[in-house]
Amino acid sequence: LKCLAHQGFVLSHRTLLSGMPCFSFLKMNSATDAASDHGNLPKRQERFTLFERCANRLANRRVFGAVLAAAPVMRPIYTAYDSLFPKAITKGSDEAKPVVVFSMLHVEEKDFKEYERLFADYAMKAQANGKGVRACFSFLKENTALQFTWLDYASDLTPQPQALLNLYREGGTVAVFGEWDAGLKTTIDSAFAGTATIDYNNGMAGFIKEASALRMQNFKTGQPSIIYVSRRKIQAGKLDLMQRNFQRSVSRMWSMAPDALAITEFKAETESSVWSLRVYSSFEKGFKAHLPFPSWIIFRQAFNFMSFVEIEDVRASFPLAYVFSTKGDITDAIAMNPGNASYDQNFWGKQIGPLPDFGKGFTSTITHVQRGGG
């Protein structure tokens, strides 16, 4: 602001917050970013006020490092507060009836075309005919097929055809979030026997929201979704404490970010690590709203959660990290937090199978675009 004053600018409070065109040099969204998004998806709008743009630039690694350094001092204060006010957890934030299955399966390059054809056909039928199947898509990354499936209930799982299962080779990994049951476990164990290790939610922290009439407007946003899946390394001996603290902060996101459909973690079989899932049905009321700046929730996350994550080497701390979104959404997410650049980026319009349709059953929200099939 001092710099602007020296240049002879006179700013009113309203002008500062509105992000007027005269400050276009601070804009984070470019025309090329917007043009690169798939044509069938909604056009992006300017999402940051001038205040937010300045705040994002100030929140660099040094500032973040200073906040984390204060965690040992501040954490007991939050712990005492949580003991005095145990009802601070939002009612319903432990809800987890939906199931999300994320798979990384090995497919040989010679089988890529056949995989695309078979999975596209399977995914289109599963999402179209399965009442509770709100997402079923895949991306090919080198020799790995990434697969993501959202089920309203475990019973909504559609088994993959044997011809598709025959394409998978040894060394895959599957993570199952949410409220799975014995039937779903039997189906998945049988399908990936000998080709993948499987981690099942064994005590989830966070939430996965149900697609009910009460939250219809949060599922039926008409915006492209943003999905993060990762496996994070946690400091040795801190995992249980991290999960308890994580629940406290995430419970506040339940209502603060109405379009955050899933923010959850569970302990992975890999030593001292967790599987992490984030699903947002819009950028504004989902991703952006889950950590608003300024807000106390940022400090709670930093003191009680991020201080337990191994962050000496960010990429090493996220050995598996994928984001599924438009190019514009992940660009803006990185502008808000450079740590989002650690995720391998996968853009809508290039997926195998249909786009996620979280508004399914309420109304169809996004045009289905696929490759690999008809």
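The values are calculated or read from the model by the stated rules, or taken from the named source; none is laboratory data. Just so we're clear, the structure is a prediction, and the values are computed from it rather than from any experiment. Counting neighbours? That spans all protein chains shown, and the Cβs are built from the backbone with ideal geometry, glycine included. The accessibility values were calculated without ligands, DNA or RNA, using every heavy atom of the protein model including side chains. Shrake-Rupley method; radii C 1.70, N 1.55, O 1.52, S 1.80 Å.
What list of ³J(HN,Hα) values in whole Hz, one per residue of region 208-220 in order, does the Karplus curve 6.51 cos²θ - 1.76 cosθ + 1.60 (θ = phi - 60°) give from phi, with Gly and Pro shown as x?
For region 208-220, the Karplus curve yields 10, 7, 7, 7, 9, 4, 5, 10, 3, 5, 7, 8, 9 Hz.
Along its three principal axes, how long is region 247-292 when you only count alpha carbons? Whole Å, largest extent first please.
Cα spread of region 247-292 along its principal axes, largest to smallest: 35, 20, 14 Å.
Given the whole protein assembly as supplied and a 1.4 Å probe, what does the accessible area of Val101 come to in Å², nearest 10?
10
Once region 228-309 is represented by equal point scatterers at the alpha-carbon sites, with solvent omitted, what log10 I(q)/I(0) does the Debye formula produce at q = 0.15, 0.20, 0.21 Å⁻¹?
Log10 I(q)/I(0), no solvent term: -0.52, -0.90, -0.97.
At 7 Å along the Cα-to-beta-carbon direction for both Ser255 and Ala70, put a label point, then send me their distance in nm to one decimal.
The modelled label-to-label distance comes out at 2.6 nm.
So, with a 1.4 angstrom probe, what is the percent of accessible area on region 102-158 that is carbon and sulfur?
On the way: 1140 of 2400 Å².
Summing carbon and sulfur atoms, their accessible area is 48 percent of the total for region 102-158.
At 0.36 nm per residue, minus the direct Cα-Cα distance, what do Thr187 and Arg215 gain on full extension? Give it in nm, one decimal, please. Intermediate values should be presented prior to the final figure.
Numbers: separation 28, 0.36 × 28 = 10.08 nm, distance 3.00 nm.
This chain segment gains 7.1 nm when fully extended.
Show me, for region 144-150, the HN-Hα J-couplings you get by feeding each phi into the Karplus relation (A = 6.51, B = -1.76, C = 1.60, θ = phi - 60°), rounded to Hz, glycine and proline as x.
After applying 6.51 cos²θ - 1.76 cosθ + 1.60, I find 10, 9, 7, 10, 9, 9, 9 Hz.
Would you mind getting me the FRET efficiency between Lys131 and Glu284? Use the beta-carbon distance for r and R0 = 35 Å, nearest 0.05. Before the final figure, lay out each step's value.
Details: r = 29 Å, r/R0 = 0.81.
In this case the efficiency is close to 0.75.
What full-extension length gain, to one decimal in nm, is calculated for Lys110 and Ser83 as 0.36 nm per residue of separation minus the Cα-Cα distance?
Details: separation 27, 0.36 × 27 = 9.72 nm, distance 5.79 nm.
Full-extension gain reported as 3.9 nm.
In region 162-212, what percent of the accessible surface is made up of carbon and sulfur (1.4 Å probe, ligands and nucleic acids excluded)?
Working: 1010 of 2070 Å².
Percent of accessible area from carbon and sulfur atoms in region 162-212: 49.
Rounded, prolate or oblate: which fits region 97-223, taking a ≥ b ≥ c as square roots of the Cα gyration tensor eigenvalues, rounded meaning a/c under 1.5, else prolate when a/b beats b/c?
Prolate is the answer for region 97-223, as a/c is 1.5 or above and a/b outweighs b/c.
Let me know the Kirkwood hydrodynamic radius for region 151-200, please, with Cα pairs as the basis and the value in Å to one decimal. Write out the running numbers ahead of the final one.
Values: mean 1/r = 0.0872 Å⁻¹.
Value: 11.5 Å, from the Cα pair sum.
Rounded to the nearest 10 Å², what accessible area does Met256 show when all protein chains are kept and the probe is 1.4 Å?
Counting only protein heavy atoms, the figure is 80 Å².
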